[in-house]
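The structure appears below as structure tokens.
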Amino acid sequence: MRAFGSARSVLLALALSVTACAGEPSAESGDEAARPPGDAAQPAATPSAEDAPPANPLLNPAHEAMNQTAPDVFQALFETSKGDFTVEVVREWAPNGADRFYNLVRNGFYDGVRFFRVLDGFVAQFGISGDPAVSTVWRERAMADDAVAGTNARGTVTYAMAGPNTRTTQVFINYRDNSQLDDMGFAPFGRVVSGMEVVDALHAAYGEGAPRGSGPNQARIQAEGNAYLESEFPDLDFVQRATIVEGDKGN
């Protein structure tokens, strides 16, 4: 198990991990992170074909399919290159995060994504789309923070972030008791209820990402997608398919 330094150094590691792919958003940046949820450009009353938003929900965060309210409790099955694990989400723990996760899973966002930052004894992080076009859309779609109602215990699932109101699509699974993250605003929204041994076995040899380590560079994942990872980090484990298996309203 890898030992980590002070709470400040842990937060810095997570912040660097996200800012590398998010264009270093901050509360003062004035970008999408500071806007109310759902504040996306809308078409005119009678838009032309070129002005119409994309029909694919993954390319149009304002799409109705991406803005459903999650059930109070639901489970998501992740079929991966290493095996299956199931995440149970409790909406009361973090409503904004639960709703985002529910919609991303239902619409196939996590299918094909790599576990690009797996640090023994700390976290397994994933959630950058393998399609650069999708990544470009979602990196600008930050959501409002949730109050921290739980603790970052082993097996809990939490969004990565670079500061207040910067959560988008990246999440991590805690490998240990990381309760030092609670006071930093990292709000768990779910937990692995089966298959934690699969999470424990995810490929971790690449270590921390660039520039702090020799692992994948998040800016390049954003720009080049899975082509970059398959070429330079071929041993990364990945999500084959993620689906809602319990609690789906059928919307």
Log entry, pairs with first residue in region 138-160 being over 13 Å from residue 183 (Cα atoms) and assigned to a loop (DSSP other than H, G, I, E, B), second being at pLDDT 95 or above and acidic (Asp, Glu), beta carbons closer than 7 Å, six or more apart or on different chains, reads 153/177; 154/177
Of all residues in region 212-235 being among the hydrophobic types (A, V, I, L, M, F, W, C) and farther than 16 Å from residue 171 by Cβ, the one that is surrounded by the most Cβ atoms within 10 Å (Cβ to Cβ): 229
Could you pull out the residue among 118, 123, 134 that is among the β-branched types (Val, Ile, Thr) and closer than 20 Å to residue 223 by Cα? 134
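Condition check ((1) modelled with pLDDT under 95; (2) charged (D, E, K, R); (3) crowded, with 20+ Cβ neighbours inside 10 Å) across all residues:
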position	(1), (2), (3)
76	no, no, yes
79	no, yes, no
95	no, no, no
99	no, yes, yes
113	no, no, yes
120	no, yes, no
124	no, no, yes
138	no, no, yes
144	no, no, no
Those residues of region 123-159 which are touching a Leu at 6+ places or on another chain (Cβ under 6 Å) and either farther than 17 Å from residue 93 by Cα or of a type in the set (A, V, I, L, M) (or both), in sequence order: 124, 134, 137
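The values are calculated or read from the model by the stated rules, or taken from the named source; none is laboratory data. Remember, predicted model here, so these are calculated numbers, not experimental data. Quick reminder, even Gly has a Cβ in these numbers, built from the backbone with ideal geometry, and neighbours come from all protein chains shown.
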